[in-house]
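Just so it is clear, none of the values below were taken in a lab; they were calculated from the coordinates. In this text, all values refer to a predicted model and were calculated from it rather than measured experimentally. Here the Cβ is made from the backbone with ideal geometry for all residues, glycine too, and neighbour counts use every protein chain on show.
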Amino acid sequence: MSERTIALVTGANKGIGHEIAAGLGALGWSVGVGARDPGRLDEAVAALRAAGVDAFGVPLDVTDDASVAAAAELVERRGGRLDVLVNNAGITGGVPQEPTRVDPQIIRTVVETNVIGVVRVTNAMLPLLRRSAAPRIVNMSSSVGSLVRQQTPGAETGPIAAAYSPSKTFLNAVTVQYAKELAGTGILINAACPGYCATDLNGFRGHRTAQQGAQTAIRLATLPDDGPTGGFFDDDGSIPW
């Protein structure tokens, strides 16, 4: 087995995922870069290696069972285990997303990636995570999934979105269920909100950088053994459900 801490970041070819990979790599970790597009994957790995990161490519479509199984096999061959999984891959879906106008297929597509994809990847990687001395799972969520904030006047909750926002609420709930099942195993799993970052996911309208958005995930990926599990966090601490 590799002596280096080994992490896998899904959707890491650009944006926040790429910055999470860079941040974990700066710690001296070996980082798997998960991405669907082979060309973008190669470019991302090359850029990280040029920055001194021990990066390796992991072809990965979180919506495809065979792709996820192959990714788990690749990670096992690489290091024999997995220490940290960051489920970052996600989509916003198409428009319109007002609940009175949304196409139900948009909701299905978003949930398939943002929720079911997380379950698919997590379950495939769990056998490898169980071999780690300090396994951590970080699910990249969003404060738009907070029901409390959605009902708080003046809170930053983004546009009305019957697919994207509820998918993050769903992801938060799934994160809690994992935490309950994995209690006592040493596996810590938490949800992270990166804030409103300028990425192509939102047409670069955000007011934070992708590097800033990566910081909470990096903190949760490096929690001590007595750290929290089943929580929802941003830069300022806990986010209300």
How would you rank 28-35, 220-227, highest first, on the average number of other Cβ atoms within 10 Å across their residues? 28-35, 220-227
Relative contact order, percent, of the chain when contacts are C-alpha pairs under 8 Å separated by at least 6 residues? 19
Please give the Cα centre distance for the stretch 33-80 versus the stretch 173-191, rounded to the nearest Å. 25
With x for Gly and Pro, the residue-by-residue ³J(HN,Hα) of the stretch 169-181, computed from phi through the Karplus equation 6.51 cos²θ - 1.76 cosθ + 1.60 at θ = phi - 60° and given in whole Hz, is 4, 4, 4, 4, 5, 5, 4, 4, 5, 4, 4, 5, 5
Mean-square fluctuation maximum in Gaussian network of the chain, Cα pairs under 10 Å, restricted to Q151, Q177, Q97, hits Q151
Under 5 Å from the placed amide H of I239, counting only residues 5+ away or on other chains, we find F232, F233, D234
Count the net charge of all other residues whose Cβ sits under 12 Å from the Cβ of R49, scoring Lys and Arg as +1 and Asp and Glu as -1. -3
